[in-house]
Amino acid sequence: MLPQYDANDKFLGTVEDAEALLALPLGDLLDIARQVYRKHFDPNAVQISTLLNIKTGSCPENCSYCPQSAHYDTGLKKEPLMSVETVVAAAKQAKETGASRFCMGAAWRGPKDAEVEIVSQMVREVKALGMETCVTLGLLKEHQAVSLKEAGLDFYNHNIDTSENYYDKIITTRTFSDRIETLGFVEKAGIKTCCGGIIGMGESNKDRAEMLHYLAVMENPPTSVPINKLIKIPGTPLEGVTDVDPLDFVRTIAVARILLPKSFVRLSAGREQMSDELQALCFYAGANSIFYGEKLLTAKNPVPEKDNALFAKIGLKPMHYA
Ligand code: SAM
Ligand code: DTB
Ligand code: SF4
């Protein structure tokens, strides 16, 4: 039987229902995910975003997974905020390669007002190229979200990363509710939200179910839901964590698709470490968005030629932003 939804296609099940979905035989789970997916999307189309890290390292937060935290020695070269010209040149190149959305990330706990002004200028100029814009700058104040909206920003990425219960095992310099407050400001300003998490940080299936359920029952579920597979970065506290089983990762993608039927589910970090077969299964399970280009923020991502070959092999076509 298909899961129950309200008139707006919002998931009506409980956390326990989500956990039960994760525990289904894989084929049964994929059958359900596939039905839900086909109802809302062309299952052969994939949305393509390109990332650029506009400020690198020295972040005061202690996120246990992150190469950019100042708390850990990961050997990363720190870089100040890029100039507007450099960012716009990179966006032009991403557009030529085939990306329809340009996502700019900064290693901040949150920006200062003067920094929001500079990022706003980047947003205006990237939008003028005819691309969708996304930024991820950490915690925002309400008026900063309004300024970004005025600059024309389409999306704000701000992940909850894991369940509320597991959050303080991963980050202690901010709380889960700090993240939720920023998402509220972004939403109120009229910017679409991009919010997901990381799988493979030692969390349980219950944590995965709780994280996805939290997103699914939000007043306005996120438009995009990035599901990152932890990239284990030497020097971070999570460098030695046990890998998530690849098929459990596929299960999480399928449950994200079922719980968030109208959202773009993005197969995000970790694709460089995945086989074509595993990625194909993730797309089959309902992932319909990726980060494209040889670099994520600081870590490697498949080169475009490799992704193009994969798309051709499995018959996926890029979605274009009109
Ligand atoms: N500082 C901002 C923030 O925390 O929102 C923006 C940049 S932060 C690097 C964006 C997201 O990247 C994090 O929320 C996390 O989900 C993801 N991320 C960071 N390091 C990762 C890793 N090693 N593996 C997988 N995802 C990672
Ligand atoms: C998201 O959920 N994943 C992206 C994006 N949002 C900003 C970032 C992945 C970062 C992977 C590690 C790195 O490149 O430093
Ligand atoms: Fe990394 Fe963002 Fe955490 Fe800073 S706030 S350590 S950039 S994930």
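The values are calculated or read from the model by the stated rules, or taken from the named source; none is laboratory data. Values in this document were obtained by computation on a predicted structure and should not be read as measured data. A quick note on method: Cβ atoms are made from the backbone with ideal geometry, for glycine too, and the neighbour counts reach across all protein chains shown. Heads up: the accessible areas ignore ligands, DNA and RNA and are worked out on the full protein's heavy atoms, side chains in. Shrake-Rupley method; radii C 1.70, N 1.55, O 1.52, S 1.80 Å.
Computed quantities for the displayed model
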{"item": "Top-ranked residue in region 267-278 [being hydrophobic (A, V, I, L, M, F, W, C) and assigned to a loop (DSSP other than H, G, I, E, B); ranked as nearest to ligand 3 (Cβ to nearest atom)]", "result": "Ala269"}
{"item": "Test result for Ala128, among the aliphatic types (A, V, I, L, M), free of Cβ contacts under 8 Å to residues at least 24 places away in the same chain and more than 16 Å from ligand 3 (Cβ to nearest atom)", "result": "yes"}
{"item": "Pair list, Cβ < 7 Å and 6+ apart or interchain, from region 42-68 residues that are in contact (Cβ under 8 Å) with a residue 24 or more places away in the chain and of a type in the set (Gly, Ala, Ser) to residues that are within 11 Å of ligand 2 (Cβ to nearest atom) and part of a loop (DSSP other than H, G, I, E, B)", "result": "Gly57/Gln68; Gly57/Leu76; Gly57/Ala107; Ser58/Ala107; Ser64/Thr236"}
{"item": "Residue match in region 56-66 (condition: touching a Leu at 6+ places or on another chain (Cβ under 6 Å) and modelled with pLDDT of 95 or more)", "result": "yes"}
{"item": "Residues being part of a loop (DSSP other than H, G, I, E, B), open to solvent by 10 Å² or more (accessible area, probe 1.4 Å) and either away from ligand 3 (no atom under 13 Å from the Cβ) or free of Cβ contacts under 8 Å to residues at least 60 places away in the same chain (or both) - total across region 157-176", "result": "4"}
{"item": "Subset of region 177-194 [in a helix (DSSP H, G or I) and among the hydrophobic types (A, V, I, L, M, F, W, C)]", "result": "Ile180, Leu183, Phe185, Val186, Ala189"}
{"item": "Of the criteria (1) more than 19 Å from Gly196 (Cβ to Cβ); (2) surrounded by 17 or more Cβ atoms within 10 Å (Cβ to Cβ); (3) of a type in the set (D, E, K, R), which one Asp154 fails", "result": "(1)"}
{"item": "Tally, over region 290-301, of residues that are open to solvent by less than 60 Å² (accessible area, probe 1.4 Å) and more than 20 Å from Tyr65 (Cβ to Cβ)", "result": "2"}
{"item": "Which numbered condition Ala94 misses (of (1) among the hydrophobic types (A, V, I, L, M, F, W, C); (2) under 30 Å from Pro3 (Cα atoms); (3) modelled with pLDDT under 95)", "result": "(2)"}
{"item": "Filter result for Met201 (more than 20 Å from Asn62 (Cα to Cα) and aliphatic (A, V, I, L, M))", "result": "no"}
{"item": "Residue selected from region 195-235 under the condition part of a strand (DSSP E or B) and open to solvent by 10 Å² or more (accessible area, probe 1.4 Å), by the criterion nearest to Met274 (Cα to Cα)", "result": "Lys229"}
{"item": "Of residues in region 238-288 being buried (at least 17 other Cβ atoms within 10 Å of the Cβ) and of a type in the set (D, E, K, R), the one farthest from Phe11 (Cα to Cα)", "result": "Arg271"}
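This table checks each residue for (1) away from ligand 3 (no atom under 16 Å from the Cβ); (2) in a loop (DSSP other than H, G, I, E, B); (3) within 19 Å of the chain's Cα centre (by Cα).
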| position | (1), (2), (3) |
| --- | --- |
| Val255 | yes, no, yes |
| Pro261 | yes, yes, yes |
| Val265 | yes, no, yes |
| Ala280 | yes, no, yes |
| Phe283 | yes, no, yes |
| Gly286 | yes, yes, yes |
| Gly293 | yes, yes, yes |
| Leu297 | no, yes, yes |
| Lys306 | yes, no, no |
